[in-house]
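What follows is a short report on a single structure.
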Amino acid sequence: MAPSSPVFRFAPSPNGRLHLGHAYSALLNERLAKRCHGRLLLRIEDIDLTRCRPEFEQGIRDDLAWLGISFAPNPRRQSEHFEEYRRALDRLDAMGLVYPCFCSRQEVKAAVRRREAGTGVPWPHDPDGAPLYPRTCRGSSDDAVRRRREAGDAHVLRLAMDRALARTAGEPLAYRLFDESGAEREVAVEPARWGDVVLARRDVPTSYHLSVVVDDAVQGVSHVVRGRDLEAATDIHVLLQRLLGLLTPRYHFHPLLSDESGQKLAKSRSSRSLADLRAQGATPEAVRRQLGFT
């Protein structure tokens, strides 16, 4: 059942401190939620147990409180819901859509290089620039897979994209894209361009794609507002929603902020954080004004 009022969410990962790009996304979610008298949820996306740390989660809460953004109570923390993601994965496995892959990233790249050298034809890449998985493990026998699993060989679980698309044949895969004025249009998705994506990682029984789809459904999220860098990934999310019988939210993709050199703000590049700005005397009002939220 669709929620009685719109539900938005801001979903940062506690693997570093928030920067101005995160502030823009959070403030835009706040603005749009208020405009349509909806609710705003906070979700902590912490499935990366290696990089996510409690002090970064506390930093997120401190930064958002400093900005004056109010969220509904009881934020959802992904690391507390692995069993829910596992159940969704089991459903896909029961459909024959999941298979184990024992290849490391280096082995995938090496296999792609060999194929390119042998054919002289460039290998296709996904929208993020990574080479499509050449399905090396798709042909493994059940006995071979069982032996490797019993031996404890590290592996991920991948979605058999061709089989998944076959199950949705004849059904249009699309979502509703909305802008800040409220206007909407339908956008078709192209999951095939991602190949056999990873649905569960070596260390946890899920991936970003699977967990975010389950979370949005469980939390009744009706409107997803996130950066344009995640626009292409919506292909996978719409497909998973269809396979799992879940509602597809409406989506809006906002511009990404850049630094003085024109590069996208990112934790991995140590972009100046909100904590740094606060230490230098910035005020929440000044940050809101700088980002266009008066």
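What follows draws every value from the coordinates through simple rules; no lab data is involved. What you are looking at is a predicted structure, and each value in this text was computed from that prediction instead of being measured. With ideal geometry, Cβ positions are generated from the backbone for all residues, glycine too; neighbour counts draw on all protein chains shown.
So the values come out like this:
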{"item": "Whole-number percent relative contact order across the stretch 189-294, with pairs defined as alpha carbons under 8 Å at least 6 apart", "result": "21 percent"}
{"item": "Net charge over other residues, Cβ less than 13 angstrom from the Cβ of residue 140 (K, R count +1; D, E count -1)", "result": "+4"}
{"item": "Distance between the stretch 158-197 and the stretch 50-104 - C-alpha centres, whole angstrom", "result": "22 Å"}
{"item": "Net dipole in debye of the chain [+1 Lys, Arg Cβ; -1 Asp, Glu Cβ; about Cα centre; nearest 20]", "result": "180 debye"}
{"item": "FRET efficiency for residue 83 and residue 149, using Cβ-Cβ distance with R0 set to 30 Å, rounded to 0.05", "result": "0.90"}
{"item": "Label of the coordinate-derived value, Rg and Dmax of the Cα atoms in Å, listed as (i) 21.4, 68; (ii) 20.5, 63; (iii) 17.7, 50", "result": "(ii)"}
{"item": "Surrounding net charge for residue 72, when Lys and Arg each add one and Asp and Glu each subtract one, Cβ distance under 15 Å", "result": "+4"}
{"item": "Cα lying deepest toward the dipole's positive end in the stretch 106-251, options 122, 141, 212, charges on Cβ", "result": "141"}
{"item": "Lys, Arg +1 and Asp, Glu -1 on Cβ, resulting dipole of the stretch 1-88 about Cα centre, debye, nearest 20", "result": "340 debye"}
{"item": "Backbone N within the stretch 261-294 under 13 Å of label point (7 Å from residue 31 Cα along the Cβ vector)", "result": "288-294"}
{"item": "P(r), alpha carbons of the stretch 122-173 - 10 Å bins starting at zero, rounded %", "result": "18, 37, 33, 12, 0"}
{"item": "Spin-label model distance (nm) - residue 260 vs residue 138, 7 Å beyond Cα toward Cβ", "result": "5.0 nm"}
{"item": "Relative contact order computed over the chain (Cα-Cα under 8 Å; 6+ residues apart), in percent", "result": "24 percent"}
{"item": "With Cα atoms, 0 to 90° folded angle of helix 105-119 axis to the chain main axis", "result": "60 degrees"}
{"item": "Within the chain, helix-based [θ] at 222 nm, where runs of 4 or more DSSP H residues each add -39,500 (n - 2.57), nearest 500", "result": "-11000 deg cm²/dmol"}
{"item": "Unit charges at the beta carbon, dipole of the chain: most positive-side option, 24, 38, 106", "result": "106"}
{"item": "Rounded if a/c under 1.5, otherwise prolate or oblate - the stretch 1-132, Cα gyration tensor axes", "result": "prolate"}
{"item": "Relative contact order (percent, whole number), the stretch 1-152, Cα cutoff 8 Å, 6+ residue spacing", "result": "19 percent"}
{"item": "Gyration tensor (alpha-carbon) shape descriptor, the stretch 137-294, a/c threshold 1.5", "result": "oblate"}
